[in-house]
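What follows is a set of notes on a single structure, which appears directly below.
The values are calculated or read from the model by the stated rules, or taken from the named source; none is laboratory data. Quick caveat: nothing in here was measured; it's all calculated off a predicted structure. All Cβ positions, even for glycine, are placed from backbone atoms using ideal geometry, and neighbour counts span all protein chains on display. Remember, those area values only see protein heavy atoms, side chains included, never the ligands or the DNA or RNA. Shrake-Rupley method; radii C 1.70, N 1.55, O 1.52, S 1.80 Å.
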Amino acid sequence: MFPMNVVVCVKQIPDPAAPQSLEPGTHTLARSGKLIMDDSDAYGVEMALQLADAAGGGEVTLVSMAPGGETSGLRTALAMGAAKAILISDDALKGSDALGTAKVLAAAIKRAEPDLIIAATESSDGYTGTTPVQVAELLGLPSVTFAKSVTVDGQTVKVERQTESGFDEVTSPLPALVTVTAGVVEPRYPSFKGIMAAKSKPVDTLTVADLGLDASTVGAAGAGQEITDVAEAESRSSGEIVVDEGDGAARIVAFLETLKVI
Amino acid sequence: MVGFNFSESPERQLLRESVHAVAASFGHEYYVEKATSGGKSDELWKALATQGFVGVNLPEEYGGGGMGLAELAVVAEECAAAGVPLLLFLVSPAICGEILSRFATPEQCAQWLPPLANGEAKMAFAITEPDAGSNSHRISTTAVPSEGGYRINGTKYYISGVDEAAQILVVTRTGLDEATGRATLSLFVVDSDAPGLEVVPLPVEIRAPEKQFTLFFDDVAVDPSRCIGGEGAGLRTLFFGLNPERVVSAAVLNGVSRYALDKAARYANERQVWGVPIGTHQGLAHPLAEAAIAVELARLMCDKAAWLFDEGQDAAEASNMAKFAAADAAGIALDRAIETHGGNGMATEYGLATLWGIVRLLKVAPVSREMLLNFVAQRTLGLPRSY
């Protein structure tokens, strides 16, 4: 049994159920108001808690970058059972692109000295899906993406990596970074005891300077990416509606034949 | 700053979110399916109990959350807002839980509270009688000393959830107060399957998993250790449990209102008849806005009543006002949500008309609108008693 310290990258995002808007000028998502934990990160938090539990020791640390000292989403993950959190909040980070975000997260993660880093495959607001592997690269660690199952055996992590046709079995030495899909585990709901316990769990709030990063390499100043224009997505054609008059099955078969899939 | 603080703590917000998520994972379809098939909400109740939500107001030493009525009201409201308005909250954790926590001996607490907190058992509450509705002084079910215990005889009706409760907290008459000429009352914990107790379903037009029952007590023997608060202490004990029942009724109603208005707003934003969402038309928008105001006011009074109760202050006036306001608001909110949906409002799959029974029920029960108005007329305005 080895104690396992796991870092989970947790993104705090505007509630997807609420109306969203883009910042005029920068075309980035408006992030004023309360942020919540990205649903896709609940899987990583749960996976981390289960791995630390299975290892018989160690703890789960959350790492998040968010404006305005926002901790609402972190509270959810702390209530699920994570031990502590590191939040990087700094006005200089406004306008960060994926690589800038990865630099900040990597610097914060380094401080936690984890055996394993878990992230979602992509966030539900930005969808770039590139930050986790950039973090791994910056830390000089191996990364395994799209995990549908994660187990740790001593100093090795075994991953079933989802592919289009099935899954790959991948093993990697620790420390490593793994991105998990929504199928990896079923996240728990925070219990009442967990909610009350979260109140006294430490959230370490850091600035860019605290991490020893040069402010010109992050935020809008360091971003290699600029959103020049935003356009409405093309609306899809409505397709064909088939009313079943007893011949429904035959018509579906005929349609699939035209696609040459059967 | 001197004054009030209306912002919810992060813990209270998280409690809301987590309860809502658990309840929503079951949802209104589950509720309707159980209600229609005669099934029980056991899986949901167990899931809520496992998370520590059902016993949130019970003492920590007996497995509860150690919080108060305010937190229980949040749990009941969020469940209803997620489409699962559970009447069980009114009786098991609210009335029975609060009465036991406050008046039971440590031995009785150790016996009865842990199963309520962890969801293994529920406790029903029996007060109403065919000839003693709102007038508890006329209770005729008697508990008479016999062979070192008591024998209970009488009839109770409109008792919720007896078929899923392991025990029932029964209000009985044990004597006469010579000074007032009124009955002295005592409360007993009676097993639902006690010999001599006949439990008969009382069909009602309410779509809820909790059913209603008539109870016939024929010489039902109870041990003195089952008496809560001591013989003759019933009236004081009873009144203590009724405010939590009113607050939690209000919370359930407020949750149903939010559920209905949420559906109405979504539908009014999406449904187009003449090229614009129907919510554009003030004929629909204003009635919904009015309902939203009524619901928000009812929620505020519910919070106030729960706060007063948890602070150990007199919560009767606020509890009565909260229940009255919540019942009227829910009637308006649900009716207007149905109206917004047109014919779809009555369709089972839209999950609105299915709630009509419970909303209408909670206007007359657990205490009627008229009795609440009597209370406010006399107590708040100092007007003469009418009865």
Q.
Can you compute the modelled spin-label distance between B:R12 and B:N135, with each label point 7 Å from Cα toward Cβ, in nm?
A. 4.1 nm
Q | Beta bridges per DSSP with both ends in the protein assembly as shown, % antiparallel, nearest 5 | A | 65 percent
Q.
I'm checking a number: the convex hull volume of the Cα atoms of the stretch A:127-262, normalised per residue, in Å³. What is it?
A. 291 Å³
Q. Can you flag which of A:K110/A:K199; A:K11/A:K110; A:K103/A:K201; A:K148/B:K122 are past 29 Å Cα-Cα?
A. A:K148/B:K122
(Q) For the protein assembly as shown, what does the helix formula give at 222 nm: sum of -39500 (n - 2.57) over DSSP H segments with n ≥ 4, over the residue count, nearest 500 deg cm²/dmol? (A) -12500 deg cm²/dmol
Q. Going 7 Å from the Cα of A:A18 in the Cα-to-Cβ direction, what parts of the stretch A:34-73 have a backbone nitrogen less than 11 Å from that spot?
A. A:34-36
Q.
Per q in 0.17, 0.33 Å⁻¹, report the Debye log10 I(q)/I(0) for the stretch A:16-60, using one uniform scatterer on each alpha carbon and no solvent.
A. -0.64, -1.12
Q) To the nearest 10 degrees, how steep is helix A:39-55 against the longest Cα principal axis of chain A, on a 0 to 90 scale? A) 60 degrees
Q. Tell me, what is the per residue accessible area of the protein assembly as shown in Å², probe radius 1.4 Å?
A. 47 Å²
(Q) What aspartates and glutamates does B:K34 reach when the alpha-carbon gap must be under 16 Å and sequence neighbours fewer than 8 apart in one chain are set aside? (A) B:D42, B:E43, B:D163, B:E164, B:E205, B:E210, B:E349
Q: Among DSSP beta bridges lying fully in chain B, give the percent that are antiparallel, nearest 5.
A: 85 percent
Q. Along the stretch B:186-192, what does the Karplus equation 6.51 cos²θ - 1.76 cosθ + 1.60 (θ = phi - 60°) give for ³J(HN,Hα), rounded to whole Hz, x for Gly and Pro?
A. 9, 10, 10, 8, 10, 5, 5
Q | Solvent accessible area, Å² - B:M371, 1.4 Å probe, full protein context | A | 50 Å²
Q: Identify the GluC sites (Glu not before Pro) of the stretch B:286-369 meeting these criteria: DSSP loop state and at most 11 other C-beta atoms within 10 Å of the C-beta.
A: B:E311
**Q.** Distance from the stretch A:108-166 to the stretch B:67-101 (C-alpha centre basis), Å
**A.** 42 Å
Q: Ratio to report: Rg/Rh of the stretch A:4-222, with Cα atoms as the point set and Rh obtained by the Kirkwood method; give two decimals.
A: 0.95
Q. How many Cβ atoms of partner chains, on average, are near each residue of A:191-201 if near means within 10 Å of its Cβ?
A. 6
Q) Which listed residue (A:I118, A:V144, A:P187) has the Cα farthest towards the positive end of the charge dipole for the stretch A:90-201, taking +1 on Lys and Arg C-beta and -1 on Asp and Glu C-beta about the Cα centre? A) A:P187
Q) What does the accessible area of B:T50 come to, in Å² to the nearest 10, when a probe of 1.4 Å is used? A) 100 Å²
Q: List the equivalent ellipsoid semi-axes of the protein assembly as shown in whole Å, largest first, each obtained as the square root of 5λ for an eigenvalue λ of the Cα gyration tensor.
A: 51, 30, 25
Q. Considering chain B as a Gaussian network with a 10 Å cut-off on Cα pairs, which listed residue, B:A306, B:A81, B:A24, attains the greatest mean-square fluctuation?
A. B:A24
Q: Rank A:P67, A:A215, A:A107 by how far each Cα sits towards the positive end of the charge dipole of the stretch A:4-222 (+1 on Lys, Arg Cβ; -1 on Asp, Glu Cβ) and give me just the farthest.
A: A:P67
**Q.** Cα-centred dipole magnitude for the stretch B:236-379, charges only on beta-carbon of K, R (+1) and D, E (-1), debye, nearest 20
**A.** 180 debye
Q: Taking every Cα atom in the stretch B:94-137, find the radius of gyration and the maximum pairwise distance Dmax, and write them in Å.
A: 12.9, 36
Q.
Only Cα pairs within less than 10 Å get springs; with that Gaussian network setup on chain B, which residue of B:E60, B:E205, B:E245 has the largest fluctuation?
A. B:E205
Q. How much accessible surface does B:I278 have with a 1.4 Å probe, in Å² rounded to 10?
A. 20 Å²
Q. When the Cα centres of the stretch B:361-387 and the stretch B:142-207 are compared, how far apart do they sit, in Å?
A. 25 Å
Q. Hey, can you rank B:166-175, A:66-75, B:11-20 by average C-beta count inside 10 Å, highest first?
A. B:166-175, B:11-20, A:66-75
Q. Given that compact globular proteins tend to follow 2.2 N^0.38 Å, what is the ratio of the alpha-carbon Rg of the stretch A:96-159 to that value?
A. 1.14
(Q) Let me understand the stretch B:10-122 better: what is its radius of gyration from the alpha carbons, and its Dmax, in angstrom? (A) 13.6, 41
Q. For labels at A:V261 and A:T156 in the simple 7 Å Cα→Cβ model, what's the distance in nm?
A. 3.9 nm
Q.
Give me the tail of P(r) for the stretch A:1-109 as a percent: Cα-Cα pairs with distance above 25 Å.
A. 24 percent
Q. Just how far, in whole angstrom, is the stretch B:332-350 from the stretch A:1-60 if you go by their alpha carbon centroids?
A. 37 Å
Q: Take every residue in peptide A:170-181, count the Cβ atoms of other chains within 10 Å of its Cβ, and give the average of those counts.
A: 0
(Q) One quarter of the convex hull surface, Cα atoms only: what value does that give for the stretch B:124-230 in nm²? (A) 7.0 nm²
(Q) Give me the inter-chain shielding for B:54-66: mean count of other chain Cβ atoms within 10 Å, whole number please. (A) 1
Q: Report the label-to-label distance for A:F167 and B:D177 in nanometres (one decimal), using points 7 Å from each Cα along the Cα→Cβ vector.
A: 6.8 nm
Q: Would you mind checking the radius of gyration and Dmax of the stretch B:309-387 based on alpha-carbon positions, in Å?
A: 16.3, 49
(Q) Please compute one quarter of the surface area of the Cα convex hull for chain B and express it in square nanometres. (A) 21.1 nm²
Q.
Quick check for me: using +1 on Lys/Arg Cβ and -1 on Asp/Glu Cβ, what's the dipole size of the stretch B:1-137 about its Cα centre, in debye to the nearest 20?
A. 60 debye
Q. Accessible area lost on pairing B with A, both sides, 1.4 Å probe, Å² to nearest 100?
A. 1200 Å²
Q. How large is the convex hull of the Cα atoms of the stretch B:236-379 per residue, expressed in Å³ as a whole number?
A. 104 Å³
Q) Quick one: with all protein chains in place, what share of the accessible area of the stretch B:107-176 is carbon or sulfur, to the nearest percent (1.4 Å probe)? A) 46 percent
